[in-house]
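So the structure is just underneath, and the comments pick up after that.
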Amino acid sequence: MSAEPAATGTAVSFGERLSGVFAEHGQLCVGIDPHSWLLRDWNLPDTANGAESFGRAVVAAAAGRVGLVKPQVAFYERFGSAGFAALERVLTDARQAGLLVIGDAKRGDLGTSALAYAEAWLSPGSPLEVDALTLAAYMGVGSLESPITLAAATGKGVFLLAATSNPEAAHIQRAIVAEGPYAGSSVARAILDDVGERNARASGVLEGAVSARVATGLGSIGVVLGATLDLAAFGIDVHQAPTECRTPVLAPGFGHQGGNIMDLISIYGEYADGVIVSESRSVLSAGPRRIEEAIERRVAEVGAVRG
Ligand SMILES: O=c1ccn([C@@H]2O[C@H](COP(=O)(O)O)[C@@H](O)[C@H]2O)c(=O)[nH]1
């Protein structure tokens, strides 16, 4: 399957492209996080130029070995406009190499401001165009209507933070929703359920008018569920995932943060075959001469777990 999205309103959704990438390359995603200390270890300056060289080298190592990369926007943003220019060139390289690119920018706002973020990242031809973007739902999933709609129209994806890998988030993400359709659920569970229903609606599953291909495939609206967590503590039963138009899961927290790939199935249960296993520091710290080997080793480990 082509990694290229279809033109507006036509057939190839982000979820279908993601399924194609999984089938061809497996579920590993290489994070592109040019921390200062990594730039130093890679003998690169801690500048926009250094972050660009780093990102482009990671893309070159990832191309053909994995199907997905996740640049962390913050590490480019710290250099201001020069950093964004550097990121644009990294994104161009990645998309030209046929990689699906998830921009980890965690954007979130309401109405036209949310739309403006979406236009920056999800519009075909935009300098910062990516294939999918991470979004923060703190202002309500409904506040993200415009990015979700634009993504659907342009064959792009979005990943809404639901249960994040950092321990400081649990007390908010486990809090109980007070009212509305998800009253009584944890915030994380409410976001997961809302996204699941949106995927079902977008695919036509709820209307009963859907092809078998879409019904059993992945949706284009994903969630972030960290690999460091016991999801049951968030009220999420991973053995009860919707079987139609499944929700893709972006899973940071493997590797450096302590998540173990051997636990993929026990952490994610029925969601496991839609999980994007994302690792940054654990791969990037291999350095410029050993990164290809590190990626291949991780790909093999994920493949062995998935069977
Ligand atoms: O819940 C989340 C959401 C995003 N992240 C981001 O993923 C990477 C993780 O890097 P590692 O080096 O593999 O720990 C980083 O860009 C985070 O900002 C996350 O960790 N958890």
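Things worth noting here:
- In whole percents, the pair-distance distribution calculated for the chain from its alpha-carbon pairs, binned every 20 Å from zero, is 35, 60, 5.
- Cα gyration tensor category, rounded, prolate or oblate, for the range 1-136 with a/c compared to 1.5: oblate
- For the pair Ser81 and Ala304, the difference between a 0.36 nm per residue extended length and the Cα-Cα distance amounts to 76.1 nm.
- Charge dipole (debye, nearest 20) of the chain; +1 at Cβ of Lys and Arg, -1 at Cβ of Asp and Glu: 420
- Helix 291-306 axis, angle to the chain major axis (alpha carbon atoms, nearest 10°): 30
- Rounded to the nearest whole Hz, the Karplus-based 3J(HN,Hα) values (6.51 cos²θ - 1.76 cosθ + 1.60, θ = phi - 60°) of the range 165-175 follow the sequence 6, 7, x, 5, 7, 4, 5, 7, 6, 8, 4, with x at glycine and proline.
- Highest average first, the peptides 250-257, 44-51 ordered by how many other beta carbon atoms sit within 10 Å of their residues are 250-257, 44-51.
- DSSP bridge pairs, the chain: antiparallel proportion in percent, nearest 5: 5
- Cα-based helix-to-principal-axis angle, 14-25 vs the chain, degrees rounded to 10: 50
- In degrees, nearest ten, helix 145-154 long axis to first principal axis of the chain (Cα): 70
- Options Ser165, Val90, Ala227, ranked by Cα towards positive dipole end of the chain, top entry (Cβ charges): Val90
- Two-site FRET efficiency, Ala23 against Asn260, from Cβ-Cβ distance with R₀ of 35 Å, rounded to 0.05: 0.90
Every read-out reported here was derived from the displayed coordinates using simple, explicitly stated rules and does not represent laboratory data. No experiment lies behind these values; they were computed from the predicted model shown. Ideal geometry is used to build each Cβ from the backbone, glycine not excepted, and the neighbour counts take in all protein chains shown.
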